[in-house]
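Q: Mind having a look at this structure? Questions to follow.
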Amino acid sequence: MKMMKYVLSLTCGLCLVACGGKDEPKTQTPLVENPQIAKPNVEPKPKAKDEPTPPATPPPANEPPKATRPADHYMASRAVAEWSVEPAVYLQALDLDALLLDNQPAGIDIKTLAPYIKLSATTPEATERYSFTPEDIEQTRLRDLRYNSANRSLEFSLSYRSATSSERVRLPLNSNDYFAHKIRLRDDFAGERYLYGTAKWLALYAGDILDYDRNRYAAVIDTEVGLSKNESSGELTFALKLYRANTDASYEIARVYKTLTGFRPLTALKQDLKLSSSHDLQQYFKQRLAKANVQGDADVTQRFSSSTELPWSKHLMLTIRGTQLVHQDRGTFVAEEHTPQYADLDFEHMRFTLHSARLQGRDLILELSISSINDYAVEGLRYTVSVSAVRD
């Protein structure tokens with residue numbers, strides 16, 4: 001019995017010893033930094049600044065709804081065509097000769113026209129037209145392409161996929177405008193020529209002025225209709241009658257108008273035209289001075305400027321481009337050689353003004369100017385002409 005009490009007491013004592021430090025906090029060993037271990041070079045994160053709040057994205061503007069592609073039969077039957085480029089572009093680019101002359105649309109299909117036109121279609125109820133896309137063009141075919149000369153338009157029908165329509169689509173096109181782009185003017189022609197004489201003898205210059213395919217066309221300048229000239233602007237407008245090459249010239253395929261610009265102004269005569277005396281001019285003054293019995297140096301201006309026509313002026317020697325101008329009638333001077341090289345040197349109604357006529361010894365010194373040519377007033381054409389031996 002005593003032994004059992006002793007064992008129980010010993011057991012309880014051991015339990016108290018084992019559980020005695022249960023409620024006391026545990027002490028953690030602090031970490032000690034090793035100065036020999038380098039810390040990573042981490043930059044401090046910058047402090048965030050107060051930034052303004054971006055405005056809210058505005059809602060997209062209300063766009064009109066895009067047109068919906070109509071059904072296939074409407075794409076064919078309610079199509080409209082219009083040119084999408086300037087006339088100078090499609091008239092120059094398209095070869096429509098066979099179509100315009102023979103109504104033969106050889107080689108012309110929707111892909112030929114597509115770069116130059118815009119096709120659109122709609123349903124009877126729709127308010128917006130639907131524009132053909134490149135994919136739609138691939139599904140479209142031209143049918144019965146013709147040129148309507150009365151309406152001056154290209155006309156055709158369309159088929160779209162399996163839908164076919166007999167409704168005619170029209171594109172405005174003037175055949176005269178088309179053929180006008182096939183005739184070009186040579187830029188270097190007018191600059192060395194005078195306008196009035198060129199206009200008067202224009203037919204002589206057809207080969208020098210016009211540049212075109214002579215295997216296709218024959219162009220004839222119409223000198224009776226449509227000819228107009230403007231000396232102030234240096235412009236000459238004329239009409240051309242166009243025929244098919246190597247065919248009956250009675251069938252005119254087009255009448256077109258062309259304008260040449262850049263002619264030499266009449267003021268250029270100051271550099272081009274040389275005035276000098278002649279034997280006839282010397283004899284004219286010698287005979288009249290002999291009758292007047294003028295003695296010594298004298299001013300005889302009034303004696304030889306009383307007439308507005310200045311009859312002695314026709315005896316002046318006029319030279320230009322190495323050829324002489326000869327007087328014909330009433331102040332008209334033309335080139336002695338009437339060839340295309342000189343035909344523009346045709347000056348009508350050339351009027352002179354005598355400023356002074358002075359006798360110096362045996363010679364007569366004339367100061368004169370040209371005041372008008374072709375009934376067009378000119379300035380700056382002043383000359384000095386010395387007429388020698390007008391007195392014995």
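The values are calculated or read from the model by the stated rules, or taken from the named source; none is laboratory data. Quantities reported herein were computed from a predicted structural model and do not represent experimental measurements. Quick reminder, even Gly has a Cβ in these numbers, built from the backbone with ideal geometry, and neighbours come from all protein chains shown. Just the protein is used for accessible areas: all its heavy atoms, side chains included, with ligands, DNA and RNA removed. Shrake-Rupley method; radii C 1.70, N 1.55, O 1.52, S 1.80 Å.
Q: Which distance in Å, rounded to a whole number, links the C-alpha centroids of segment 71-120 and segment 230-263?
A: Spelled out, the Cα-based centre of one part sits 27 Å from the other.
Q: So what is the relative contact order for segment 318-392, in percent, with contacts set as C-alpha pairs under 8 Å and at least six apart?
A: Rounded, it is 21 percent for segment 318-392.
Q: Given Cα positions, please report Rg to Rh for segment 134-241, the hydrodynamic radius being the Kirkwood one.
A: That ratio is 1.20, to two decimals.
Q: Which net charge results when you count Lys and Arg as +1 and Asp and Glu as -1 among the other residues whose beta-carbon is under 15 Å from that of I108?
A: Taking every Cβ under 15 Å from that of I108, the sum is -2.
Q: Going down the table (K118/K241; K229/K314; K241/K274; K241/K270; K270/K314), which pairs top 30 Å between alpha carbons?
A: K118/K241; K241/K274; K241/K270
Q: Let me ask something additional. Give the accessible surface of segment 269-382 per residue, rounded to a whole number of Å², with probe radius 1.4 Å and ligands, DNA and RNA excluded.
A: Normalised by residue count, the accessible surface of segment 269-382 is 52 Å².
Q: Follow-up question, since we're still on this one. Compute the distance in nm between two label points, each set 7 Å from the Cα along the Cα-to-Cβ direction, one at T133 and one at V220.
A: If labels sit at T133 and V220, their model points lie 5.5 nm apart.
Q: Does a label point 7 Å from the Cα of S307, set along Cα-to-beta-carbon, have any residues of segment 346-375 with amide nitrogen under 16 Å, and which are they?
A: In segment 346-375, the label zone of S307 (backbone N under 16 Å from the point 7 Å along Cα→Cβ) covers 350-354.
Q: Moving on to the next point. In square angstrom, what is the accessible area per residue of segment 65-221 with a 1.4 angstrom probe?
A: 52
Q: Still on this structure, I have one more. With a 1.4 Å probe and every protein chain kept in, tell me what percent of the accessible surface of segment 109-179 is carbon plus sulfur.
A: 42
Q: Just subtract the alpha-carbon distance of T164 and V326 from 0.36 nm times their residue separation and send over the number in nm, one decimal.
A: 50.9 nm
Q: So how much slack lies between A150 and H349, counting 0.36 nm per residue of separation and subtracting their Cα-Cα distance, in nm?
A: Working it through step by step, the gained length comes to 67.0 nm.
Q: Figure the gain on full extension for S356 and A245 (residue separation times 0.36 nm, minus the Cα-Cα span) and round it to one decimal in nm.
A: Result: 34.0 nm gained on full extension.
Q: Would you mind computing Rg(Cα) / (2.2 N^0.38 Å) for segment 306-392, counting N as its residues?
A: Here the answer is 1.17, to two decimals.
Q: Count charges around P265 for me, please; just the other residues with Cβ under 14 Å from its Cβ, Lys/Arg as +1, Asp/Glu as -1.
A: Taking every other residue near P265 into account, the sum is -2.
Q: May I ask you to give the percent of accessible area on segment 196-340 that is carbon plus sulfur, with a probe radius of 1.4 Å?
A: About 44 percent, which is the carbon plus sulfur part of the accessible surface.
Q: So how long is each side of segment 91-150 along the principal axes, counting just the alpha-carbon atoms, biggest first, in Å?
A: Here the Cα extents, ordered largest to smallest, are 40, 26, 21 Å.
Q: I would also like to ask the following. Around L173, which amide H atoms from residues at least 5 apart in sequence, or from another chain, sit under 5 Å from its own amide H, with H modelled in the peptide plane?
A: Close amide H contacts, sequence-distant or interchain: S153, L154.
Q: Quick one: 3J(HN,Hα) in Hz for segment 323-339, Karplus 6.51/-1.76/1.60 with θ = phi - 60°, rounded, Gly and Pro as x.
A: Karplus values, whole Hz, x for Gly and Pro: 10, 8, 8, 10, 7, 9, 6, 6, x, 8, 10, 10, 5, 4, 9, 8, 10.
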